[in-house]
Amino acid sequence: MVVEYAGILAAVTLMAATLTGAYGQNVAAVFASSSVGLAAAGKAAKAQKVSPAGAKAAYKRAPYSKNALRYLYALGWIGGTKNPGQCGLTLLGQGAAREQAARDIRSSAKLMAQLRKRAVSAAAAAGAVTRGVVSACA
C-alpha cells in the first residue's frame, strides 16, 4: 500500500504543534487518559477543519493499547483526511512513509523531548502516524 507524503507531513506537523505548542502543557493528560486524548483529537481535528467525530472514531479504532499511540494514530488520520486529493496519487510505500515520518519527528528536538518523556520512540510514533494516514486514505 502506498501513503501520500502530504498526509504524513501534515500529521507530523500537527503532532509537533500539539505536543510542543498550546497543548504541550497537557500532553501528560492526553497521553495518560483515554477520555482526554479523545477530546484532544477532536479539538485538533476541528482546528484543522476536519471532522471531529471522524477523528474521535479514528482514536477509538486505533490498533494500539497505549493512549499515546492511539492519539498519534488519530493525528495521522487527521493529516490524511486533510489531504484527500493526494491519497490516490501517492508517492511512498508504508515503509518509506514510516522512515520519512521518523526522520521528520527526529528533526524536531522539542517533539523528541516530549515523546521521550512519555517513553514513545520516534519509530513507534512514526508507525502510529503512518497507520493513521493509511486509514484515512483507505
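Just so you know, all these numbers are worked out from the coordinates, no wet-lab data involved. All figures in this text were calculated on a predicted structure; none of them were measured in a lab. Because the Cβ atoms are built from the backbone with ideal geometry, glycine has one as well, and the counts that use them run over all protein chains shown.
Brief remarks follow.
- Remark: the range 39-49, residue by residue, has Karplus-estimated 3J(HN,Hα) of 5, 5, 5, x, 5, 5, 5, 4, 5, 8, 6 Hz, where x stands for each Gly or Pro and the curve is 6.51 cos²θ - 1.76 cosθ + 1.60 at θ = phi - 60°.
- Integer Hz, Karplus 6.51/-1.76/1.60 couplings in order for the range 94-108, x for Gly and Pro: 4, x, 5, 5, 4, 4, 5, 4, 4, 4, 5, 5, 5, 6, 9
- Net charge contributed by nearby residues that have their C-beta within less than 13 Å of Ala32 (K/R +1, D/E -1): +4
- Cα point-scatterer Debye curve for the range 36-138, base-10 log of I(q)/I(0) at q = 0.17, 0.19, 0.23 Å⁻¹: -0.73, -0.91, -1.27
- Here the simple spin-label model places points 7 Å from the Cα toward Cβ, and for Ser35 and Lys49 these points are separated by 3.3 nm.
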